[in-house]
1. Suppose each label sits 7 Å from its Cα in the direction of the beta carbon; what would the MET130-ASN389 distance come out to in nanometres?
2. If I take R0 = 51 Å and measure r between the Cβ atoms of THR339 and ALA57 in this structure, what FRET efficiency does the formula 1/(1 + (r/R0)^6) give, to the nearest 0.05?
3. With labels modelled as points extended 7 Å from the Cα through the Cβ direction, what inter-label distance (nm, one decimal) is found for ASN247 paired with LYS123?
4. How would MET220, MET240, MET34 rank on accessible area, largest to smallest, probe 1.4 Å?
5. Keeping all protein chains in the complex and leaving out DNA, RNA and ligands, what accessible area do you get for GLU71 with a 1.4 Å probe, in Å² to the nearest 10?
6. Go through CYS231, CYS244 and list them by solvent-accessible area, largest first, probe radius 1.4 Å.
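The values are calculated or read from the model by the stated rules, or taken from the named source; none is laboratory data. The model shown is predicted, which means the values in this text are computed figures rather than measured ones. Neighbour counts run over all protein chains shown; Cβ positions are idealised from the backbone, glycine included. When the accessible area is computed, the model is the full protein with side chains, heavy atoms only, and any ligands, DNA or RNA have been set aside. Shrake-Rupley method; radii C 1.70, N 1.55, O 1.52, S 1.80 Å.
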Amino acid sequence: MNSGAGSKKLVLKPMFGAGASNASANSANFGPLMKPLLCFTIGLLLAIAHHLFNLWAMGRTVGAHPSIPQEWVLRVGTAFAIGFQTILASSLGFVICQLLWFYTRRQYLTINDINTLYLVERKELVPTVMSGAFVRSPLLVTATVLSFLLPITAVFTPASLGVVTSTFDTLGPCQVSAGNFSSDHTPRFFRNNATEGNYLEGPVSSVQRIVDTTFASQTMPQVPRYCGNNCTYQATIFSMTFQCQTNVQLPDDSMGGITDFNYPGTGYRIYWNASMAGPQGDPPSPFYVGWHTGATTFGFDGSVGTNGTALCTPMKAQYDFTVRIINGVQNVSYTTTITGPLDTTTQWPNNVDGHAALQLGAVTIAARSRLLGEIWWWLNPVARESITNDSSPVMLASFLNVSRSETFVWGDVITGIEQTAANVTAAMLNVDLGLKDSECVVGLALVLGVVVFLRFNPDNLTTSFIDTIGVTRNAELDSLGLQYRLGLSGTLNEDQSDTFRLGRLGEGYVGFGTKEAICSTE
């Protein structure tokens, strides 16, 4: 080549030759092994870290210190999975390349066969699965097919999985509410007149506030979490309930004496009336309830709601609450067992039993007061007078739907009354009623590539352009290519009798040659 200004020289070196030093040969043999060994080390560390992270996160309460939101648990897990997938793809690519040289070096192949193996190494789908490549190079085809499956790992990353709420049944000791109304150490629920013994005057304001708040919320209140954010415990409390007898005869004019609520005449139309059937200050006194679905406008369809009558009596009851808390979300279920009538308020003895009766009586009076009262409409069409009274606390009840200010639609009233007693009782668990002991339920590819590399690819051959030139430029292949270019042969594959193998040629170069040209015994 000319050595003038601006000219460049292309210098080609043999991949190895007889004059190569032992040190250079060792460097050529072991230097390229750093890539697969590094991939193996990084992949192993990622796999171990991912496993340890999952062990740390499994069963961990969301929000526990250190607090990691659930979405970041998924993101970190996905990062580990994708990182390991990337390392696996790099390692599998190294293996596929080595298997290409493994099969081209250990058997003689036609040009067409060699071309097919190159296409398999490049992960061409059709040559991989629809040719005879598997017969000549089963490991190469298998490794390539595995590389096609690598994207499936992204389908099973943690971010693609749903979070399933689960519990682990592990019994452990804990303390829950004793539900003891009679203990002198519990807050006092009642007011009484000391000059007249233990006669009950009514509930203290704190108890009335608890009842009012619970009734207005229309739901089961949150109860204490005695065992953390993932557990189940049971608590028993002796309280009160309402036992209702339906379809009873109400006192005269309890519902205003008008049965046709579309009647245009003068009179009262009563939609709710709950009145005492005994002394209001006495806890066991029953009360009448009558309800009617209707509206203060004519033509209302009363079939959408319920109508009925009942006589409800306060009773002693035992509540067995089951509190299940999963990832901080609380669910409360219960069973109710009526244990007998409430004690009267007349001169209770000044002892433990009397104290408990006063405590329970105060809660009963507070709960019953939310149901008493009337909702009515008075109409005088002649005088064009209309008066509505909807001041009863029952307006807040969950079993009443007031869609408009003049429309009252009642649901399951009896269940609603019973639920009122249960909700109030559950709310009392938040009061210090003592504690008791209880139990809570709280539960090959990399190695193959390295071996093939050491045995059949000590020169770190790849399918790069420069390596392709190195293994295909020799006298025999040059002659074959020249015949094709001069038109002396229609195709390089025309003569299927010529077979080639990768090996050391006579001058020490590595390249494809015929059986006569290959001088190595490898």
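1. 9.0
2. Numbers: r = 47 Å, r/R0 = 0.91.
Result of the calculation: an efficiency of 0.65.
3. In this crude label model, ASN247 to LYS123 measures out at 7.7 nm.
4. Values: MET220 45, MET240 0, MET34 120 Å².
Ranked from most to least accessible, the order is MET34, MET220, MET240.
5. Here the accessible area works out near 90 Å².
6. So, going from the largest accessible area down, we get CYS244, CYS231.
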